[in-house]
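A quick write-up on the structure given underneath.
The values are calculated or read from the model by the stated rules, or taken from the named source; none is laboratory data. Since the model is a prediction, treat every value here as computed from it, not as a measurement. Every residue, glycine as well, gets a Cβ built from its backbone with ideal geometry; the counts of neighbours run over all protein chains shown. When the accessible area is computed, the model is the full protein with side chains, heavy atoms only, and any ligands, DNA or RNA have been set aside. Shrake-Rupley method; radii C 1.70, N 1.55, O 1.52, S 1.80 Å.
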Amino acid sequence: MRGFHFSDFQADDLPKGGFDELLKLFTQLLNYTAGDAGETLAWMNELDKQYKFTNGDYGMGDFIDELKDKGYIKENPKDGEMEITSKTEQTIRKSALEEIFGKLKKAGKGNHNSNLSGIGEEKNADRREYSFGDSLDQIDMTASIQNAQINHGIGNFTLTERDLEVEEKDFKTLTSTVLMIDISHSMILYGEDRITPAKKVAMALAELIKTRYPKDTLDIVVFGNDAWPITVKDLPYLQVGPYHTNTFAGLELAADLLRRRKTHNKQIFMITDGKPTCLKENGRYYKNSMGLDRKVINKTLNMAAQCKRLNIPITTFMIAQDPYLQQFVREFTQINGGRAFYSSLTGLGEYIFEDYIKNRRKTVR
């Protein structure tokens, strides 16, 4: 019989009870409530009524008490409301990192491989014959002896210059990154929550840099009608505002932050779902949400060109599918010489991580 057969949805990822399981749900829900502990616990109570993930031995009251005892929440002395602690903020970042990058293998000590190889610090898979000027520590003696045995035989062992095999090594670099997050109103329009995945990516990237690339720097800029920097601690509480999209202001601030960094490698990651619609001129806002306003677009494109002159590539993660918006992103990317990804919300974290650590190498003789 042809057709569709419908059955009741059975959720597989609901907690089975106990503190650790409920804590995972608690930290996930905090991303959607902008860090509001009271609202999150209210949601959990409603979910518990529906799905019954607590039992007679361990109830929601026990979970709340344990959250307090272990330092995840505390009472605000002014109004008595529950609020999360710095311990919870760190837990949210770690949870985001595990969710987005959990399948990645751990690497060695912390910096990025550059796009140059030669006399460096970390081995790579490249092999070549010895050339005059190569240092002795580049020679792979085991492979070189094996080459000599193959070339000259074992009976009368001879090792010549042509038997020597050199292993390439990559230089390590420091990288300064600015992550720009669009917080205009469109990030929650049309029934799609786009700000929560963007926050998760930012928290995961911050935790990744802190634990794996501690010498790198990460600045976070949000932009709506204006642009301003925020700290990692602010991320769980970040919300969309009734804003237009002043992409120019965000890029200007990002470039200014990167100018102050002493690192050689600098980059901007921009997460946005819409077109630039706003400028600030002489203390007043110029806004136009109808189509692509040439005044706004031209100034934004000029800023992209300025970033190129400063050797700051911009990688745009466009989470919208409108053809005319994608055309703007293509023009923007071409002027800057950067990259663009037309990403779904589910693949956003993987795209950003891969682009962040990608090693483009060129052999140096």
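Pull out all pairs, ordered by first then second residue, where Cβ-Cβ is under 9 Å, the residues are six or more apart or on different chains, the first lies in region 293-321 and is over 18 Å from residue 340 (Cα atoms) and in contact (Cβ under 8 Å) with a residue 12 or more places away in the chain, and the second is assigned to a helix (DSSP H, G or I) and of a type in the set (S, T, N, Q).
If the second residue must be assigned to a helix (DSSP H, G or I) and of a type in the set (S, T, N, Q), the pairs left are 296/247.
Closer than 30 Å to residue 35 by Cβ and not acidic (Asp, Glu): which single residue out of 144, 135, 131, 176 fits that description?
Being closer than 30 Å to residue 35 by Cβ and not acidic (Asp, Glu) holds for just one of 144, 135, 131, 176, which is 176.
Please work out which residue is nearest to residue 328 (Cα to Cα), limiting yourself to region 233-249 and to residues that are open to solvent by 40 Å² or more (accessible area, probe 1.4 Å) and without any contact (Cβ under 8 Å) to a residue 60 or more places away in the chain.
242
Exactly one condition in (1) surrounded by 22 or more Cβ atoms within 10 Å (Cβ to Cβ); (2) closer than 20 Å to residue 34 by Cα is not met by residue 230; state its number.
(1)
Here's a check for you: in region 307-365, which residue that is farther than 25 Å from residue 190 by Cβ, open to solvent by less than 70 Å² (accessible area, probe 1.4 Å) and at pLDDT below 85 is farthest from the chain's Cα centre (by Cα)?
Out of the qualifying residues, it is 364.
Identify all residues within region 284-297 that are assigned to a loop (DSSP other than H, G, I, E, B) and either in contact with a helix residue (DSSP H, G or I) (Cβ under 7 Å, 6 or more places away or on another chain) or exposed (fewer than 12 other Cβ atoms within 10 Å of the Cβ) (or both); write none if there are none.
288, 290, 291, 292, listed by residue number.
Find the residue count for region 266-283, including only residues that are under 24 Å from the mean Cα position of the chain (by Cα) and assigned to a loop (DSSP other than H, G, I, E, B).
4
Against the conditions (1) closer than 23 Å to residue 259 by Cβ; (2) open to solvent by 20 Å² or more (accessible area, probe 1.4 Å); (3) touching a strand residue (DSSP E or B) at 6+ places or on another chain (Cβ under 9 Å), where does residue 300 fall short? Just the number, please.
(2)
Could you give me the residue pairs with C-beta distances under 7 Å whose first residue belongs to region 50-69 and is surrounded by 13 or more Cβ atoms within 10 Å (Cβ to Cβ), whose second residue is part of a loop (DSSP other than H, G, I, E, B) wherever it lies, and which are 6+ apart or on separate chains?
53/14; 53/15; 53/16; 53/17; 54/17; 58/17; 58/18; 60/54
Which of the residues belonging to region 200-222 are out of contact with any strand residue (DSSP E or B) (no Cβ under 8 Å at 6 or more places or on another chain) and part of a helix (DSSP H, G or I)? Let's see the steps before the verdict.
We begin by selecting, within region 200-222, every residue out of contact with any strand residue (DSSP E or B) (no Cβ under 8 Å at 6 or more places or on another chain); these are 200, 203-204, 207-208, 210-212, 214-215.
Residues satisfying the conditions are 200, 203, 204, 207, 208, 210, 211, 212.
Residue-wise test of (1) closer than 24 Å to residue 199 by Cβ; (2) modelled with pLDDT of 90 or more.
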| residue | (1), (2) |
| --- | --- |
| 14 | yes, no |
| 42 | yes, yes |
| 61 | no, yes |
| 99 | yes, no |
| 102 | yes, no |
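With the requirement that a residue be crowded, with 23+ Cβ neighbours inside 10 Å, among the small types (Gly, Ala, Ser) and under 22 Å from residue 320 (Cα atoms), what does region 250-283 give you?
Within region 250-283, just 250 meets the criteria.
Return the residues of region 280-297 that are closer than 26 Å to residue 348 by Cβ and in contact with a strand residue (DSSP E or B) (Cβ under 9 Å, 6 or more places away or on another chain); say none if nothing qualifies. Break it down stepwise before answering.
Looking only at region 280-297, we keep the residues that are closer than 26 Å to residue 348 by Cβ, and these are 289, 292, 296-297.
Residues satisfying the conditions are 289, 296.
Residue 156: over 38 Å from the mean Cα position of the chain (by Cα) and at pLDDT 85 or above, yes or no?
It is false that residue 156 is over 38 Å from the mean Cα position of the chain (by Cα) and at pLDDT 85 or above.
Does residue 221 count as hydrophobic (A, V, I, L, M, F, W, C), open to solvent by less than 20 Å² (accessible area, probe 1.4 Å) and closer than 26 Å to residue 32 by Cβ?
Working: hydrophobic (A, V, I, L, M, F, W, C): yes; open to solvent by less than 20 Å² (accessible area, probe 1.4 Å): yes; closer than 26 Å to residue 32 by Cβ: yes.
Here the answer is yes, as residue 221 does meet what is asked.
Can you tell me which condition residue 225 does not meet? The list is (1) in a helix (DSSP H, G or I); (2) within 13 Å of residue 181 (Cα to Cα), and all the others hold.
Single failed check for residue 225: (1).
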